[in-house]
């Protein structure tokens, strides 16, 4: 069966022999977004890109990754206009803010200063809104949903792909939740009745495989086993961590090429 262009990344991820194909596409997509934001294409110099990054900002995780990426000048340009927009908004928020009065009863009962679940502190709300968005996270989420859709598109139409899923290493626990949500969204009742027993078996089998790898990794530190074969356990710790929470704990920092 001839592959369509949009199917290639998901097939590549399934062929990568990774602990989780969604971790695989997640890492690749994030690195591509880092290259777009700060790489040699210099998109940070384009007014439309900077307008978007000024609006969304970056989360703490991606700010650290951007710093580690190595383009200090690019980060500087992004911060330059972001600060100007932030200060402008801050002045407006501060100008309109008026602290409410606290009653004596609130002070006595200890309610003074506590957040109102309905109204809240407007400055707190403004800051929280700034922290809810991230240019890289937001763009990734748009792309990632297409990967979930493509997974189930291939699962339904391609018998070879279904065999890869059935005989593969499964997914990490983090992405397993999203896979289950995707199954409910993209599969009909009959398809779900087939899918869930299959994926449950895959997950259980591979969790037990990882658990055994970790067990043997520990046993290898017993002097009685010093000459024994490592089997598949040399990298059991990083794979075991990935299987539970996703990501690649042993990955080096991704830097500008």
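The values are calculated or read from the model by the stated rules, or taken from the named source; none is laboratory data. Note that the coordinates shown come from a computational prediction; the quantities given were computed from them, not determined experimentally. We place every Cβ from the backbone using ideal geometry, glycine too, and count neighbours over all the protein chains shown.
Data for the structure
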{"item": "Of residues in region 198-222 being touching a helix residue (DSSP H, G or I) at 6+ places or on another chain (Cβ under 6 Å) and more than 29 Å from residue 183 (Cα to Cα), the one surrounded by the fewest Cβ atoms within 10 Å (Cβ to Cβ)", "result": "219"}
{"item": "Residue 170, sole failed condition from (1) surrounded by 12 or more Cβ atoms within 10 Å (Cβ to Cβ); (2) out of contact with any helix residue (DSSP H, G or I) (no Cβ under 8 Å at 6 or more places or on another chain)", "result": "(2)"}
{"item": "Within region 167-257, helices (runs of 4 or more DSSP H) holding 2 or more residues that are closer than 30 Å to residue 39 by Cα and either modelled with pLDDT of 95 or more or touching a strand residue (DSSP E or B) at 6+ places or on another chain (Cβ under 8 Å) (or both)", "result": "173-186, 236-245"}
{"item": "Residues of region 13-54 classified as surrounded by fewer than 16 Cβ atoms within 10 Å (Cβ to Cβ), in contact (Cβ under 8 Å) with a residue 12 or more places away in the chain and either touching a helix residue (DSSP H, G or I) at 6+ places or on another chain (Cβ under 8 Å) or outside any helix (DSSP H, G or I) (or both), total", "result": "7"}
{"item": "Number of positions in region 123-155 that are more than 17 Å from the chain's Cα centre (by Cα) and at pLDDT below 95", "result": "8"}
{"item": "Residues of region 58-75 classified as buried (at least 18 other Cβ atoms within 10 Å of the Cβ) and over 17 Å from the mean Cα position of the chain (by Cα), total", "result": "4"}
{"item": "Test: residue 152 is touching a residue at least 40 places away in the same chain (Cβ under 8 Å) and either part of a helix (DSSP H, G or I) or surrounded by fewer than 17 Cβ atoms within 10 Å (Cβ to Cβ) (or both)", "result": "no"}
